[in-house]
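Readers should treat all values here as calculations from the given coordinates under stated rules, not as data from a laboratory. Just so we're clear, the structure is a prediction, and the values are computed from it rather than from any experiment. Cβ placement follows ideal geometry from the backbone for every residue including glycine, while neighbour counts extend to all protein chains displayed.
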Amino acid sequence: MPASWNPEQPEITDLIVRHNPRTLQREPVYKQEVLEIIHSFQNQQAIHAVEQLPDWDGVLVHTAVDRTILALHWEMQRLAEEFYYAHRVWEVLRAAVMALRKNGFLQKIRIVDLGCGVGDTPRWLAASIRAKEQGLEFAGVDLNATRIREAPRLAEAERLDCKFFHGDAFSPQLVGNIVVSTGVAHHFRGAELEDFLRRHQYEQTLAFFHFDFQPWLLAPVGSWFFHRLRMRTAIARHDGVLSAARAHTVETLVEAARKGAPGFATGVYGARIWNTSAPRVFHTLAGIRRPLMAEFREQLGRRAGRLGELQ
Ligand SMILES: C[S@@+](CC[C@H](N)C(=O)[O-])C[C@H]1O[C@@H](n2cnc3c(N)ncnc32)[C@H](O)[C@@H]1O
C-alpha cells in the first residue's frame, strides 16, 4: 500500500497554503509545523516532498509554494483534457440547463465552479459552449488566492468570456444557479461534508453537481501507478493518490446530501461504466430541485440510465 493511502491524513496542498478565512489574506506557514503533522502519519514520501520546499527563517516561501501548486494544476489540466473531462461536466449541465428552461426559468443562468483551481472547467465551457446564445454565465470561485489568480490570466490569454472570483462560492454575491465542483467533496469529511452540502440552500441555487473520485478495490494500486506514470511533481503524485484514498462512497455522499440538503432531490450520476458493475474512476453527487427532476432525467436522454435514484 502506498504511504499516502491513509484517508485520515490531510493533503500537502491543504497544509502549505493558509488564508485568513475572513479577510482571505495569505498567512505565513511554518515548515516545521507542516512536517510535524506529516511525521505523525509516518509518511516518508510526504516528508520528502515538503522538505524540498524552500523556507525563509522557517516560513515557507510563498512564491516557491505558488510555483509548485501551479505546476501541479497544469499537470491536472493536461490530464483533464486527455480524459475529455469537461465534456462529461457539460453532459449533466446541459440537461440541467434544459430542465430549467423547460420549467420556465428564463433569466441568465449563472453556473459557478466552486473551488475552480486554475479554472479548467469554466474556461473549457466558455471556449466550447455558446454562452450568450443560451443565456449562460460561467464563473469560477476559489478561496485559494494562488489558484484563482492564475485562472483569469489564462482566460484573458485565451480571450474567453468567463469570470473568476477570489472568495467563498457560498457567499450571497457569488452563489450560482447551478454549482459544480471537481475534486472538492473529499476535502470535507464527517459532519463537515454535511455542512458543505447544507450551504447549497440558497433559494437561487437550483442544482448542484460535485464530481470526485470514487473509491473501489483497485484504486490504491491504480491511482499510485497512474500518478507515477502521468505526474511529475512529488506533491501531485502524493496528493493525487491521497485524494483517491479520501474519496467518499456513493452511500456516504448520498446520506450526507439527504441530511444536509433536503431541499434537493439527490443521488449519484455515473457511478458505473455503462450497464456493467465496473465502477467509474469519477462519480458525481447530483442535487436538483424536485420540480425539475423529471425534466432533468428526460433531458439526459440515453444517459438517463447513469443517474441513480434521485430522492
Ligand atoms: C483540490 S482543489 C480542486 C481544484 C480544481 N477544482 C481542480 O480540480 O483542479 C479544492 C479547492 O476548493 C477550494 N474551496 C473549498 N471550499 C470552497 C468554497 N466554499 N468556495 C470557494 N472555494 C472553495 C479550495 O480553496 C481549493 O482550492
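Some points to look at:
- Kyte-Doolittle mean at least -1.0 and Cα axial length at least 24 Å: DSSP H helices in the chain: 62-82, 85-102
- Label-point separation, His19 to Lys102 (7 Å along Cα→Cβ), nm: 3.8 nm
- Hydrodynamic radius of the chain by the Kirkwood approach over all distinct alpha-carbon pairs: 20.1 Å.
- Helical runs assigned H by DSSP (4 residues or longer) give the chain a calculated mean residue ellipticity at 222 nm of -13500 deg cm²/dmol, each run adding -39500 (n - 2.57) before division by the residue total.
- In this structure, the pairs whose alpha-carbon distance is over 32 Å, taken from Lys102/Lys259; Lys102/Lys163; Lys31/Lys259, are Lys31/Lys259.
- For the pair Trp274 and Val59, the difference between a 0.36 nm per residue extended length and the Cα-Cα distance amounts to 72.5 nm.
- Stretchable slack from Gln204 to Leu143, in nm (0.36 nm times residue separation minus alpha-carbon distance): 19.8 nm
- Once divided by 2.2 N^0.38 Å, the Cα radius of gyration of region 92-223 becomes 1.09.
- Gaussian network model of the chain, springs between alpha carbon atoms under 10 Å - residue of Pro220, Pro152, Pro21 with greatest fluctuation: Pro21
- For the chain, built as a Gaussian network whose Cα springs stay under 10 Å, the top-fluctuating residue of His248, His62, His48: His48
- When the chain is treated as a GNM with alpha-carbon contacts under 10 Å, the residue of Leu15, Leu125, Leu285 showing the greatest mean-square fluctuation is Leu15.
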